[in-house]
Amino acid sequence: MPYALTCPASLRRLVLLASFTLLNACAQTPATVPAADDGAANMTATADRAPASGDTYLLLVSIDGFRADYLDRGVTPRIAALAAEGVRADALRPAFPSLTFPNHYTIVTGLYPDHHGIVHNRIEGDGEKNNFVYNDASTTADARWWGGEPIWVGAERRGVRTATMFWPGSDVAIDGIRPSHWKPFDRGFSPDQRVDTVLGWLDLPAARRPRFITLYFEQVDRAGHDSGPDSAEVNAALAEIDATLGRLLDGIAQRRLRDAMNLVLLSDHGQTASSAERAIAVDEIVDLKRVRAINFGVVAGFTPQPGEQRYAYDALLKAHPHMQCWRRAQIPARFHYGTNARIPPIVCLAEPGWVITTSTWLADRGSHFSRGEHGYDNALPDMGALFVANGPAFRRGARVPAFDNVDVYPLLARLLGIAPARNDGNPQTMRGLLREDR
Ligand code: AMP
Ligand code: ZN
Ligand code: ZN
C-alpha cells in the first residue's frame, strides 16, 4: 500500500478529503528532507542549566483538535490547573477554514490564511509548483508555499534561539531559515518522546539552549475524527496528553525553570460530530468532468474546465440543502478568505456536521466515514479551540472572552521581546492576558 507509507493520515480520511489530482501527488515518494539538528542527542549535564537572570523561555504547545469545552470534562487535571493558576480564554477562534495547516501557520505568523498562503491542507500547484499536500513532506518542503514570517524565523533573525518539536512549516527553510533544532514530522514519535526531547533542549548549555520551543500533539484530533468528539476515545486521548504534559511540567519544575517559563497552550480548531448520513454527493449536483474538484471535505474547491464557467456557476452557486458555494471574491468578508489566487474560483462550505464528497466514494468507502470533522465556519462554537497561558508574564486566575487566533502572534513576539512582523492580529488582545498590562 505505497501511499499509506508516504501519507500517514488514516486511509479513510485521506480518501474522503483528497481530490484525485492531489491523491496522485500524495502517492509520490517524498524527497529526502535535510537532517534535523538533534539537540537532545547532545544533552549535557546540568551545571549551567539555570536561566541567566532575566532570561525567560516561551513554550508554545498545540493539542490538535482540542475543542474549547473539552477542558471542562474533568479528564485533563494538569491543564485545568494551569488554567486555574493562569489565564484561560472562553475559546480561541480559528481562522477560516478551520483546518490544521492553515491555522497552525496563522498562529505563528498572525496572518489570515488568505495572507500567508496556506489556504487549505491541500492546495493545487500553479504549474511551477507541485500540489501542496499537507502530509507529504516532498510537497510542503517548497518554501514558496509559506508566506509571512513565522515567529521562529523572526526570532532566529534577531538572535533568539528556537526549537520545534513539530509544527506545520517548522521543517521547511522559510526565507532560508529553520529553527536551530527541529524534527521532521513523525507520528511514530510518542508523546513522551516529544516531551523528553523538549526537556533535553532545556538541558543544553546556555549558548545552545532555545528560548522559544514548540510542541505538538495530534492524538486528540485523530480520536475526534475516528470516534467523534463525544467519544470515550477522545477522553482517553485527552487524559493521555494531559499526563504527558504533566511529565513536562514536572521536568520543568525539577530543572527549577518554572518561574522562567511562559507557557501558551492552545489548539488549532475544535471538532463537531459527522456521519455517513450527512454526506453531500457533489457529483449529483455538478458534472465533475466539466468542473474540476480541487478538494473535497468540509471546504471543497472547484475550477471550471475551459468554457464551462457559466455551467459551473449555474450548478454550484444556487441554493443547496446542506452546503453553500461562493465565487472566490464573494466569500463573506468575516471569513477573511478569497483574495489569494491559490483559492479555487468556487469554494463550497458544508453545513456543520456535513461533508462534501462523491457518490463513488460513498459506495466504495461509506462505511468508513469519519465521526468528527472540522473546517467549518470558524464562528461556530464547536470550532472553538483551546487557549490557556501560564507563567511569570501572565495574569493568574483570569478568564477572558473568546479571541481570534491571529492575535496570538503579537503576544508571542512580545513575550520574546522581538518586533512583530506585519500581521493581522489585534495587539490589544494581549492586554487582557498579561500581568504587567493590568
Ligand atoms: P487534519 O486533517 O486537518 O485533521 O490534520 C491533522 C493531521 O495533520 C494530524 O493527524 C497529523 O497526521 C498531520 N500533521 C500535523 N502536523 C504535521 C506536520 N508538521 N507535518 C505533516 N503532517 C502533520
Ligand atoms: Zn487540526
Ligand atoms: Zn483534524
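The values are calculated or read from the model by the stated rules, or taken from the named source; none is laboratory data. The model shown is predicted, which means the values in this text are computed figures rather than measured ones. Note that each Cβ is placed from the backbone with ideal geometry, even for glycine, and that neighbours are counted across all protein chains shown. Calculation scope for accessible area: heavy atoms of the full protein, side chains included, ligands and nucleic acids excluded. Shrake-Rupley method; radii C 1.70, N 1.55, O 1.52, S 1.80 Å.
How much net charge surrounds Ala315 when only other residues with a Cβ under 12 Å from its Cβ are counted (Lys, Arg +1; Asp, Glu -1)?
-2
Relative to the compact globular guide of 2.2 N^0.38 Å, what is the alpha carbon radius of gyration of segment 276-369, as a ratio?
In units of the globular-protein estimate, segment 276-369 measures up at 1.05.
When the chain is treated as a GNM, springs tying every alpha-carbon pair under 10 Å, which of Val220, Val75, Val108 comes out with the largest mean-square fluctuation?
Val75
Once the mean 1/r over all distinct Cα pairs of the chain is inverted, what Kirkwood radius in angstroms do you read off?
After inverting the pairwise mean of 1/r, the radius is 22.1 Å.
Against the longest alpha carbon principal axis of the chain, how many degrees, from 0 to 90 and to the nearest 10, is the axis of helix 100-109 turned?
On a 0 to 90 degree scale, this one is about 50.
Of Gly297, Gly125, Gly65, which has the largest mean-square fluctuation in a 10 Å C-alpha GNM of the chain?
Residue with maximal mean-square fluctuation among Gly297, Gly125, Gly65: Gly125.
Which one, Ala300, Ala68, Ala206, has the greatest fluctuation when you compute a Gaussian network model over the chain with C-alpha springs under 10 angstrom?
Ala206
What distance in nm lies between label points placed 7 Å from Cα along the C-beta direction at Arg73 and Ala207?
Reported label-point gap for Arg73 and Ala207 is 4.7 nm.
If you stretched the chain out fully between Leu288 and Arg431, how much longer would it get, using 0.36 nm times the residue separation minus the C-alpha to C-alpha distance?
My answer for the length gained is 46.5 nm.
Length gain on complete extension for the stretch Lys318 to Asp186, per 0.36 nm per residue less the alpha carbon to alpha carbon distance?
43.3 nm
Can you give the accessible area per residue of the chain, in Å², using a 1.4 Å probe?
38
Using a 7 Å offset from the Cα along the Cα-to-Cβ direction at both Arg278 and His368, what is the distance between the two label points in nm, to one decimal?
2.2
Looking at the square roots a ≥ b ≥ c of the eigenvalues of the Cα gyration tensor of segment 160-268, which shape do they give, rounded for a/c under 1.5, prolate if a/b is larger than b/c, or oblate?
Oblate shape, in that a/c is at least 1.5 and b/c is the bigger or equal ratio.
Need one value: the accessible area of Arg278 in square angstrom, 1.4 angstrom probe, rounded to the nearest 10.
70
With r as the distance between the Cβ atoms of Arg328 and Glu85 and R0 = 45 Å, compute the FRET efficiency 1/(1 + (r/R0)^6) and round to 0.05.
The value I calculate is 0.50.
Given a Förster distance of 25 angstrom, what is the FRET efficiency for Arg144 paired with Ala419, based on the Cβ-Cβ distance and rounded to 0.05?
0.50
For the chain, what is the calculated [θ] at 222 nm in deg cm²/dmol (nearest 500), taking -39500 (n - 2.57) for each run of four or more DSSP H residues and dividing by its residue count?
-8000 deg cm²/dmol
For Ser359 and Thr339 in the same chain, what is the full-extension length gain: residue separation times 0.36 nm, less their Cα-Cα distance, in nm?
4.1 nm is the gain from fully extending Ser359 to Thr339.
For Trp182, what accessible surface area do you get with a 1.4 Å probe? Give it in Å², rounded to 10.
Number for this one is 10 Å².
Take Arg258 and Asp126, extend 7 Å from each Cα along the Cα→Cβ direction, and tell me the distance between the two endpoints in nm.
Using points 7 Å along Cα→Cβ, the separation is 5.1 nm.
Which percent of the accessible area of the chain is formed by carbon and sulfur heavy atoms (probe 1.4 angstrom)?
50
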